[in-house]
1. For S442, work out the one condition from (1) among the hydroxyl-bearing types (S, T, Y); (2) open to solvent by less than 10 Å² (accessible area, probe 1.4 Å); (3) under 32 Å from the mean Cα position of the chain (by Cα) it doesn't fulfil.
2. Of everything in region 431-448, what is touching a strand residue (DSSP E or B) at 6+ places or on another chain (Cβ under 9 Å), within 18 Å of N535 (Cβ to Cβ) and in contact (Cβ under 8 Å) with a residue 60 or more places away in the chain? Give them in sequence order.
3. Assuming G304 fulfils every condition listed in (1) more than 29 Å from N191 (Cα to Cα); (2) in a loop (DSSP other than H, G, I, E, B); (3) free of Cβ contacts under 8 Å to residues at least 40 places away in the same chain apart from one, which condition is it?
4. So is S62 open to solvent by less than 60 Å² (accessible area, probe 1.4 Å), over 46 Å from the mean Cα position of the chain (by Cα) and polar (S, T, N, Q) or not?
5. Looking at region 519-543, which of its residues are in contact (Cβ under 8 Å) with a residue 12 or more places away in the chain, surrounded by fewer than 16 Cβ atoms within 10 Å (Cβ to Cβ) and in a loop (DSSP other than H, G, I, E, B)?
6. Looking at (1) under 20 Å from A276 (Cα atoms); (2) surrounded by fewer than 19 Cβ atoms within 10 Å (Cβ to Cβ), which is the one condition that is false for V249?
7. Given the criteria more than 21 Å from I161 (Cα to Cα) and among the hydrophobic types (A, V, I, L, M, F, W, C), does A63 qualify?
8. What number of residues within region 419-462 are at pLDDT 90 or above, hydrophobic (A, V, I, L, M, F, W, C) and farther than 15 Å from L396 by Cβ?
Amino acid sequence: MGDYRTIASGDFHDTSIWEVWDGFSWSPAGVKPGSGNSIFIDQGHEVRLVQQEEVHHVYLFSAALPGRKLNLQTFELHVYGFLSGMQKVGGLFAVNSVTNATLDWIYPETGKIVFKGSSRTVVDRASWSANTTNSRYTVVFDPDPGQTLVVNSAFKANAFIIQSGTVRQTVNTAGIPACSTFSFNNQTVFNGTGPYGDFIIEPGARLISDCSAPLASMIQRSGTVPGLLFELKAGASLFLTGNDPLLDVAQVQLNGNVYYSAVAGTQRMLRNSLPASTLPKTYHNLLLENNGIKIFQDSVFIDGDLAVLSGPVPNHGNGFVRFFGSGVQQIVGDGLVFFDLEISKQGGSLRVSNDLNIQRFFYMKDGLLDFQGVDLRINESGLGALLYKGGTWLNLHRIFYSNIPTVLTASNATFPLEDVYQGGIRRIRLVGDSPGGDLQLSYVEIPGANWNPNFSDSDGTPILYQLNSYVEFSGLNPGSSTIELLMSAENLVVDQVEDLRIVSNGQAAPGTNLLAVDVDTLWARREIPFSLLDNQSFTIGSYRVLSVLPLQWKSQAALWKDGMVKIRWETFDEENTAFFIIRKSVGGVDKFEEVGRVEALGQATNAYEFTYALRQPARRTFFQLEQLDKDGQGSFSRVFRLEGVSNYIQMESFKSYPNPYTQGPLIIELPNDWALEKTNLKVIDAKGFILFYGALKDFDATHILGLVGSGVYIFSLEEEGVSVSFKLVKK
């Protein structure tokens, strides 16, 4: 009831070209078809759009001598059902899976067929095929939020765009199993005989592909020519369920989330099968899930996150993985093992949630690697080494370096440990011959410094200062060679570099002091028999207090309570001091700004206090004191933290409304010390799917939340390494 058929060619809105089925017979149409009406375009008839139109199912005559069917011009035909080929048998309509390849039966390339509405199959193998090589239109998948459109047949067009919802690309089994391949126009007028055709997945949209070799590629121009572009935009998702997925396009941009989701067997990563296509190797977020065993390809490049969400640990094979993004990245997954790993970041940080295990070469080129208290394991295979060029390690518990090189250099034996309390980098470096074997290094960080160590170096030189933080070596093979140990004094105020020394914790270190040098950074040096490194602790010391700090700072502390910050410090051996400057840095130790000044008391030993109002801070806050003499000389205290805040990330600092959310704009208020242009946002649904990942300023709630159904969504905000999450309920 209500179906339309053509009786002549003409414009879509012209009722004279249509008849309507009333259940018994065909009658002249009184109005044009709408979203609830299916249309049958008969043999030799062509329908032209002169504006946007909408229908339910579309049946196109596709048997012999069909003629052109749909002239879309520059308009969109919104389809709430499916596309189907048909023929006439005994005067009756019947589905037909064979289409004529000689005509542009749906054209031109400026027109679009847009699939709207609820979940369903939009093309099926029994009634559609991709042998219409001249198809010249764009296909857009734009269903209602949370809905899934199924493609169960090979499908050819000029371009495909998944605007919203989910598209599922099946392996159809009506006959010989075949991938429901997306392919593109084969006419040479379009880019000759080379790669042609774009497939784009917009933010918030998803493609689930079941395709796998030895069946055809997910996407190609033809069986021998690749498509031109596959673009997975930021916030979009690609789910691969086949064990051997093929993608044949010349340009691959995986800027969204790629899930390897095979439930059984062994799943390979994306590969190509045509010579002119690109082998996909660069990912934004690479996510592994379900029980299929995942195998890394020979090289993978990631500028987002790598996570094992569920299932077994992936097989690294002999693969190489590089992290190169400029933002905050994560490695998530217990038991994850890398064969070769490179860190080459120009900004941000790479966070590790479980022990980082690198079987062979670890290329540390640049960037901050935040271990969050876990361990680092290097070269258990015995075939590689650490290769250090730049970058730093933060919050590292221990290093297990197996099969160390027999010749230790600045490249293979530099350990760049960030100093949380003093700032700067405590690079530990070994140079010289070793007996091989294993090396374990621990970094114990303790606030402050010892201003009265009360011991002398092995040459009788009194040690008047030492850092409380220290490194420990253990697990070493005995060796007869002598090694040079170096420790960097970066961020310490050093008057005369030759006063720097390496000491043990509270006593002289083994070996002989070497003159400190100031080359790429301040280096304290010591010559030590290799066998005496084992089970020893080492830290930075100084012959003269003045070489580190001109003033002896006895203690410093900052406490927050009831909206007030109270800073207290004590000094001794103080003389000629004019005043103190109190400096504050929020979120890190690299942005100190003056918050106040206190005049000196003019005595040898003094206690000071400075108080000011501050609402409960949302981020970690650090202080440093600067002392200035009457003659203009000065010194700095150690960096110390604000204490008394049980949870630095306070939810009352963030406001979002409306919550619950229905539609329209979503307002997210940040604390005063958060910068909008530096804040990133990740939106995740209850199943863990990432709906949006990018800059907060680029988030469009009307678009992103308009694509999803009711439920609870997690919003995770991050600015310069500090993150907070809250829940939003959509009704």
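The values are calculated or read from the model by the stated rules, or taken from the named source; none is laboratory data. Predicted model, so just to flag it, every value in this text is computed and none were measured. Glycine also receives a Cβ, built like all others from the backbone with ideal geometry; neighbour counts cover every protein chain displayed. To get the accessible areas, we keep the full protein, side chains included, count just its heavy atoms, and leave off ligands, DNA and RNA. Shrake-Rupley method; radii C 1.70, N 1.55, O 1.52, S 1.80 Å.
1. With respect to (1) among the hydroxyl-bearing types (S, T, Y); (2) open to solvent by less than 10 Å² (accessible area, probe 1.4 Å); (3) under 32 Å from the mean Cα position of the chain (by Cα), S442 is out only on (2).
2. Of everything in region 431-448, those that are touching a strand residue (DSSP E or B) at 6+ places or on another chain (Cβ under 9 Å), within 18 Å of N535 (Cβ to Cβ) and in contact (Cβ under 8 Å) with a residue 60 or more places away in the chain turn out to be S434, V444.
3. The single condition G304 does not satisfy is (3).
4. yes
5. Result: T521, N535.
6. So V249 meets the others, but not (2).
7. yes
8. Total satisfying the criteria: 3.
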